[in-house]
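Take a look at the structure below.
The values are calculated or read from the model by the stated rules, or taken from the named source; none is laboratory data. From a predicted model like this one, the values you see are computed outputs, not experimental measurements. FYI the Cβ positions are ideal-geometry reconstructions off the backbone, even for glycines, and counts take in every protein chain you see. Please note that ligands, DNA and RNA were not included when accessible areas were found on the heavy atoms of the full protein model with its side chains. Shrake-Rupley method; radii C 1.70, N 1.55, O 1.52, S 1.80 Å.
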Amino acid sequence: MSKISSIDSVYTQGLIPLKSEQYNQKFIEIFQNYTGLNQPTLEQLNSSIDRCKEHLPYRENRIYLQIREQELLETSTGYLLYGSEYLHMLANEIKPYSCSYQNYLKNHGIATIFNAHVPIEHMTNFDSLLLDFMCIVQRQQTDEDFPHDLSIHTTHHIKPTQIFGYYHPDTRYLIDYHQP
(Lines give C-alpha, C1' and ligand atoms only; values in the text may rest on other atoms or scores of the structure.)
Protein backbone atom coordinates (compact mmCIF):
# COMPACT_ATOMS: atom_id res chain seq x y z
CA MET A 1 0.00 0.00 0.00
CA SER A 2 2.82 2.43 0.71
CA LYS A 3 6.20 3.05 2.26
CA ILE A 4 6.35 4.13 5.85
CA SER A 5 8.96 5.24 8.31
CA SER A 6 7.24 3.71 11.34
CA ILE A 7 4.43 1.20 11.85
CA ASP A 8 3.66 2.87 15.19
CA SER A 9 2.20 5.97 13.53
CA VAL A 10 -0.26 3.84 11.55
CA TYR A 11 -1.46 2.08 14.68
CA THR A 12 -1.87 5.37 16.55
CA GLN A 13 -3.21 7.60 13.72
CA GLY A 14 -4.53 5.14 11.15
CA LEU A 15 -4.32 5.81 7.42
CA ILE A 16 -5.03 9.44 6.70
CA PRO A 17 -6.17 10.91 3.37
CA LEU A 18 -3.52 12.91 1.52
CA LYS A 19 -3.04 16.41 2.81
CA SER A 20 -0.75 18.08 0.31
CA GLU A 21 0.74 20.53 2.82
CA GLN A 22 1.86 17.65 5.05
CA TYR A 23 3.29 15.72 2.10
CA ASN A 24 5.01 18.83 0.73
CA GLN A 25 6.72 19.25 4.09
CA LYS A 26 7.64 15.55 4.17
CA PHE A 27 9.03 15.85 0.64
CA ILE A 28 11.22 18.80 1.66
CA GLU A 29 12.43 16.94 4.79
CA ILE A 30 13.31 13.83 2.78
CA PHE A 31 15.26 15.68 0.12
CA GLN A 32 16.98 18.15 2.43
CA ASN A 33 18.70 15.06 3.85
CA TYR A 34 19.88 13.98 0.38
CA THR A 35 23.67 13.70 0.45
CA GLY A 36 24.40 12.63 -3.13
CA LEU A 37 25.68 14.73 -5.97
CA ASN A 38 23.52 17.69 -6.95
CA GLN A 39 21.77 18.11 -3.62
CA PRO A 40 18.53 19.95 -4.46
CA THR A 41 18.07 23.43 -3.10
CA LEU A 42 14.97 24.50 -1.23
CA GLU A 43 14.12 26.60 -4.30
CA GLN A 44 14.26 23.51 -6.55
CA LEU A 45 12.07 21.55 -4.13
CA ASN A 46 9.48 24.32 -3.93
CA SER A 47 9.54 24.64 -7.72
CA SER A 48 8.80 20.91 -7.99
CA ILE A 49 5.83 21.37 -5.64
CA ASP A 50 4.54 24.30 -7.71
CA ARG A 51 4.72 22.28 -10.95
CA CYS A 52 2.64 19.47 -9.42
CA LYS A 53 -0.17 21.60 -7.98
CA GLU A 54 -2.37 21.12 -11.03
CA HIS A 55 -2.58 17.37 -10.22
CA LEU A 56 -3.75 17.86 -6.62
CA PRO A 57 -7.50 17.80 -7.25
CA TYR A 58 -7.17 14.12 -8.16
CA ARG A 59 -5.21 13.25 -5.02
CA GLU A 60 -6.07 15.68 -2.25
CA ASN A 61 -8.08 14.23 0.67
CA ARG A 62 -8.02 10.68 -0.72
CA ILE A 63 -6.60 7.31 0.15
CA TYR A 64 -6.17 5.01 -2.82
CA LEU A 65 -6.62 1.32 -2.10
CA GLN A 66 -5.92 -1.85 -4.04
CA ILE A 67 -8.38 -4.66 -3.44
CA ARG A 68 -6.10 -7.37 -4.83
CA GLU A 69 -2.74 -7.86 -3.15
CA GLN A 70 -1.44 -9.61 -6.28
CA GLU A 71 -1.94 -6.38 -8.28
CA LEU A 72 0.34 -4.47 -5.91
CA LEU A 73 3.04 -7.11 -6.13
CA GLU A 74 2.93 -7.63 -9.89
CA THR A 75 1.89 -4.51 -11.79
CA SER A 76 1.42 -1.62 -9.34
CA THR A 77 4.84 -1.96 -7.77
CA GLY A 78 5.56 1.78 -7.79
CA TYR A 79 3.52 2.24 -4.62
CA LEU A 80 5.69 -0.27 -2.80
CA LEU A 81 8.97 0.90 -4.30
CA TYR A 82 8.47 4.68 -4.02
CA GLY A 83 5.65 5.04 -1.52
CA SER A 84 3.17 7.79 -2.16
CA GLU A 85 2.41 8.49 -5.81
CA TYR A 86 2.39 12.17 -4.89
CA LEU A 87 5.92 12.05 -3.41
CA HIS A 88 7.09 10.10 -6.46
CA MET A 89 5.62 12.72 -8.77
CA LEU A 90 7.35 15.51 -6.80
CA ALA A 91 10.69 13.67 -6.93
CA ASN A 92 10.39 13.29 -10.70
CA GLU A 93 9.82 17.03 -11.02
CA ILE A 94 13.06 18.07 -9.32
CA LYS A 95 15.01 19.63 -12.15
CA PRO A 96 17.36 18.81 -13.75
CA TYR A 97 18.44 15.50 -12.15
CA SER A 98 15.21 13.62 -11.42
CA CYS A 99 16.52 10.08 -12.04
CA SER A 100 18.94 10.08 -9.11
CA TYR A 101 16.30 11.67 -6.89
CA GLN A 102 13.83 8.98 -7.87
CA ASN A 103 16.35 6.34 -6.76
CA TYR A 104 16.87 8.20 -3.48
CA LEU A 105 13.13 8.15 -2.81
CA LYS A 106 13.10 4.44 -3.63
CA ASN A 107 15.48 3.83 -0.71
CA HIS A 108 13.46 5.89 1.76
CA GLY A 109 11.01 4.10 4.06
CA ILE A 110 9.82 0.50 4.27
CA ALA A 111 7.43 -1.06 1.75
CA THR A 112 4.30 -2.10 3.61
CA ILE A 113 1.03 -3.75 2.67
CA PHE A 114 -1.81 -3.19 5.11
CA ASN A 115 -4.95 -5.24 5.48
CA ALA A 116 -7.80 -2.99 6.43
CA HIS A 117 -11.56 -3.00 6.70
CA VAL A 118 -13.05 -0.18 4.62
CA PRO A 119 -16.81 0.11 5.06
CA ILE A 120 -18.77 0.20 1.80
CA GLU A 121 -20.33 3.51 2.85
CA HIS A 122 -16.84 5.06 2.84
CA MET A 123 -16.39 4.33 -0.86
CA THR A 124 -17.58 6.60 -3.61
CA ASN A 125 -20.75 5.50 -5.39
CA PHE A 126 -18.72 4.73 -8.49
CA ASP A 127 -16.23 2.56 -6.57
CA SER A 128 -18.96 0.61 -4.78
CA LEU A 129 -20.71 -0.04 -8.13
CA LEU A 130 -17.38 -1.09 -9.65
CA LEU A 131 -16.77 -3.46 -6.74
CA ASP A 132 -20.25 -4.97 -7.17
CA PHE A 133 -19.64 -5.44 -10.89
CA MET A 134 -16.24 -7.07 -10.30
CA CYS A 135 -17.74 -9.50 -7.80
CA ILE A 136 -20.31 -10.57 -10.41
CA VAL A 137 -17.60 -10.91 -13.07
CA GLN A 138 -15.39 -12.94 -10.73
CA ARG A 139 -18.13 -15.53 -10.24
CA GLN A 140 -18.15 -16.12 -14.00
CA GLN A 141 -14.39 -16.24 -14.58
CA THR A 142 -11.35 -18.06 -13.31
CA ASP A 143 -8.83 -16.12 -11.26
CA GLU A 144 -6.50 -15.86 -14.27
CA ASP A 145 -9.25 -14.10 -16.25
CA PHE A 146 -10.16 -11.75 -13.42
CA PRO A 147 -9.34 -8.09 -14.12
CA HIS A 148 -6.28 -7.22 -12.06
CA ASP A 149 -6.71 -3.53 -11.43
CA LEU A 150 -9.34 -3.28 -8.77
CA SER A 151 -8.33 -0.05 -7.13
CA ILE A 152 -10.70 2.25 -5.29
CA HIS A 153 -10.36 5.36 -3.19
CA THR A 154 -11.91 6.75 -0.08
CA THR A 155 -11.98 10.23 1.38
CA HIS A 156 -12.45 8.82 4.88
CA HIS A 157 -9.80 8.32 7.51
CA ILE A 158 -9.07 4.60 8.05
CA LYS A 159 -8.94 4.29 11.82
CA PRO A 160 -6.32 2.18 13.61
CA THR A 161 -9.09 -0.21 14.69
CA GLN A 162 -9.89 -0.87 11.01
CA ILE A 163 -6.34 -2.08 10.30
CA PHE A 164 -6.01 -5.75 11.08
CA GLY A 165 -2.59 -6.62 9.77
CA TYR A 166 0.41 -5.68 7.68
CA TYR A 167 3.59 -7.10 6.25
CA HIS A 168 6.69 -5.88 4.47
CA PRO A 169 7.07 -7.52 1.04
CA ASP A 170 10.56 -8.24 -0.26
CA THR A 171 11.08 -5.44 -2.78
CA ARG A 172 14.14 -7.06 -4.35
CA TYR A 173 11.83 -9.11 -6.57
CA LEU A 174 9.45 -6.34 -7.62
CA ILE A 175 9.65 -5.04 -11.19
CA ASP A 176 10.25 -1.29 -11.32
CA TYR A 177 8.12 -0.07 -14.22
CA HIS A 178 9.31 3.51 -13.65
CA GLN A 179 12.95 2.83 -14.54
CA PRO A 180 14.08 2.95 -18.19
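Listing for the model above:
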{"read-out": "R0 of 41 Å, Cβ-Cβ distance Tyr58-Arg172: FRET efficiency to nearest 0.05", "value": "0.85"}
{"read-out": "1.4 Å probe accessible area per residue over the range 1-130, in Å²", "value": "53"}
{"read-out": "Convex hull volume per residue in cubic angstrom - Cα atoms of the range 19-128", "value": "117"}
{"read-out": "Projected-area average for the range 22-68 over all orientations - Cα convex hull basis, square nanometres", "value": "4.8"}
{"read-out": "Separation of the Tyr11 and Thr41 label points, Cα + 7 Å toward Cβ, nm", "value": "4.4"}
{"read-out": "Under-5 Å amide H pairs with Ala116, H placed in peptide plane, nonlocal only", "value": "Phe164"}
{"read-out": "Separation in nanometres of the label points that stand 7 Å from Cα toward Cβ, at Met89 and Glu21", "value": "1.9"}
{"read-out": "Whole-percent carbon and sulfur share, accessible surface of the range 1-75, 1.4 Å", "value": "48"}
{"read-out": "Lys pairs, the range 1-110 - Cα-Cα below 19 angstrom, 8 or more residues apart or on other chains", "value": "9"}
